[in-house]
1. What is the gain in length, in nm to one decimal, between Trp52 and Asp64 on full extension, counting 0.36 nm per residue of separation less the C-alpha to C-alpha distance?
2. Give the average over all directions of the projected area of the C-alpha convex hull of the stretch 23-77, one decimal, in nm².
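Every read-out reported here was derived from the displayed coordinates using simple, explicitly stated rules and does not represent laboratory data. Keep in mind that this is a model prediction, so the values were computed, not measured.
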Amino acid sequence: MLRTQLKQGSITRREERYDVTHHPRYHRCGRFAAVAIYNKLVRLRNTVKSSWADIDVQCKKRYDLVPNLVEAVKDMRPTRNLFSKR
């Protein structure tokens with residue numbers, strides 16, 4: 001569009017120089033920003049997945065320890081009278 005206007009004489013060479021929206025450098029910067037944002041989002045998604053996996057592992061460990069806790073409480077039942085006030 002600018003070249004056709006330049007040929008027709010409606011704009012000057014100086015105005016054409018300041019039209020930077022079609023400059024390849026700005027397209028590269030835009031692509032770079034898009035890739036950087038995408039990579040950040042992927043990194044955050046992986047961090048969230050890893051965090052939930054860690055929580056799941058901790059819950060499974062606690063679940064596996066519940067029977068041991070029940071047995072310990074059953075074993076402590078006869079000694080409960082030692083600590084109670086008479």
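1. Stretched fully, the Trp52-Asp64 segment lengthens by 2.5 nm.
2. 4.0 nm²
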